[in-house]
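Each reported figure results from applying straightforward, stated rules to the coordinates on display, with no laboratory input. All values reported here derive from a predicted model rather than from experimental measurement. Here the Cβ positions follow ideal geometry from the backbone for every residue, glycine too, while neighbour counts run over all protein chains shown.
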Amino acid sequence: MPNHEYTPEKALELLMRKLGETNEILAAQIQAAIDAGKDIRETEPSPDGRKKPRVYRKTVPFTYEEALQVALDGLQAHFVEQPLFMKSAALNFTRTAIGRTGRRVRPGSERPRLNSAKQRETISMEQLDEEKVVEIELQTETQIEKSGPETEPLKRLDDDQIKKRQSQLSKLRKLTTFQPE
């Protein structure tokens, strides 16, 4: 018997309410993942008994315990895994230089054709071993109606912040485990 004084339903309800109060967008994304449910395989016997039974997939809602785990996995992805990806990407981009041409060409003018080695443009490497700004495109170029910011800059977290978040999620998982020990 679990040592909690609350049910998985109450725990999920409280988690989603608190999340909605602090971050409505993240709460909506996690709720959409929960609402999607899970696929199961169902078997239906043949009516005449001679043919193979019919096997098909069916989407069913998550139990409250499963929904709680989906919510915690969403929080893990948002607060731990995304910053780890960002850290890795920032490190890789820092090691990369940005190449720029030595000559600037005005918009609308044509570039001269480069037929010989003497006419080639020089390329200078800039920002080698410097941290670059990493952004996610929220509004695509082909989007008809634009609303809100076009891009969202991603901030790099240090190792201590990520470890703290992992520790907090670990404690939350322990509070939401309803299996007998």
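Taking a straight Cα-Cα cut-off under 14 Å and skipping sequence neighbours fewer than 8 places away in the same chain, the aspartates and glutamates within cross-link reach of K52 are E42, E44.
Round to the nearest 0.05 the FRET efficiency obtained for L175 and E152 when R0 = 35 Å and r is the Cβ-Cβ distance. Please list the in-between numbers first.
On the way: r = 31 Å, r/R0 = 0.88.
Once rounded, the FRET efficiency stands at 0.70.
Restricting to Cα pairs below 8 Å that are 6+ residues apart, what does the relative contact order work out to for region 1-104? Please round to a whole percent. Mind dumping the intermediate values first?
On the way: 66 pairs, mean separation 24.0, N = 104.
Across region 1-104, relative contact order equals 23 percent.
Scanning residues 5 or more positions from K38 or on other chains, those with amide H under 5 Å from its amide H are V60, F62, with H placed 1.01 Å from N in the peptide plane. Cross-link partners of K38 among lysines, defined as those whose alpha carbon lies under 18 angstrom from its own and excluding same-chain residues fewer than eight positions apart: K58. Under the combined filter of DSSP loop state and at most 14 neighbouring Cβ atoms within 10 Å, region 1-90 retains these GluC sites (Glu not before Pro): E5.
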